[in-house]
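Working notes, beginning with the structure itself.
Quick note: the coordinates plus some simple rules give every number you see, no bench work behind them. Since the structure is predicted, the reported quantities are computational estimates derived from the model, not experimental observations. Don't worry about glycine lacking a Cβ; one is built from the backbone with ideal geometry, like all the others, and counts go over all protein chains shown.
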């Protein structure tokens, strides 16, 4: 029995792009759909028995008709290929109000054969070509469905989160204990697991959201735990494996170093409960690359533009979303037209930022500079900079002359007692 596990599609994330000229759709939507097409192609070519989606189909709780249409097209390809689809509800799928429909509830309402929508904790028996699969579901925890107002009255956010966690665990445990040990069993959960490495979803999270320990997801009857919500692919427990497939496409620069894809899972129904996993593997997709280029221009660089161009040439920016950060010293300038020309191979330029490094001014001791005469200020400055005495003497002489010429008065006393020479002049 072969399963395909993926999560966190987030159709509708359209930052860092323009309009795709071929389709007229936002270019980033095209990126996300291309990754989804790779997944569907793999499911059909590999002949998987079920596609399990662990939540967050769209970016918005109220997706546009275009986003719904494009998602439905891919689901249709799967069910026409004889592959059942299991859709778990994630936090981005939930409506703002309790009585409103979830973003994927329409598929359940239509009663489409081979599509199951799991909006509550429970157990679902799914008929596949290789036999029946049990899926225990743990959708995103909704306080309104697990706790009453009386249960949370007077509690802090952390206390509410803890009570919600305990209520969900108690409900989940009841369903897990009722699993049929003669059938393969998988847990699908859209939840934060403590200790997970977070990616682009980190900015979407709140500190008080409930999380579970990896050990709280284990059960003797389970053969695999399919996780959603965290965008970085990782394994949270070894047996049964509790796996985040990660998001299918990169969302922003925090995903730059993350490989994106889905998991192919193989179960052997002939084995005993909890030992049916024959293996799983992560399958990467051709997600859009994010490249961040940082260039620090040396203070003595006479051609900073060439330095930036060299740094860009050393990076593979073709087709990538690129952000360029340049650190300059005062007085250095750039030929921006040449830099933008070098960035034309990028899919999208997310920004070119310049930071001008400011020299730290030496302190002149405890005396306010405004209270010093010009010659005294110059002497204090040279001392603060630890200029050698011989050179300091020469500079004070020159300063003496300049100040005298500006003021039209006899040379000011500098405190330098050396003798002038032809070399000084």
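Points worth noting:
- Neighbour-count order for 398, 381, 58, 244, fewest beta carbons within 10 angstrom listed first: 398, 381, 58, 244
- Dividing the radius of gyration of the alpha carbons in the range 1-118 by their Kirkwood radius gives 0.96 for Rg/Rh.
- FRET efficiency for residue 37 and residue 318, using Cβ-Cβ distance with R0 set to 30 Å, rounded to 0.05: 0.90
- The range 81-130: radius of gyration over Cα atoms, expressed as a fraction of 2.2 N^0.38 Å: 1.24
- For the range 262-360, the Cα-based Rg and Dmax, in that order, read 22.8, 74 Å.
- Here 402, 352 are placed in order of increasing Cβ neighbour count within 10 Å, fewest first, which gives 402, 352.
- When each of 239, 140 is scored by the number of other beta-carbon atoms lying within 10 Å, the sequence from fewest to most is 239, 140.
- Gap separating the Cα centres of the range 220-288 and the range 299-347, nearest whole Å: 38
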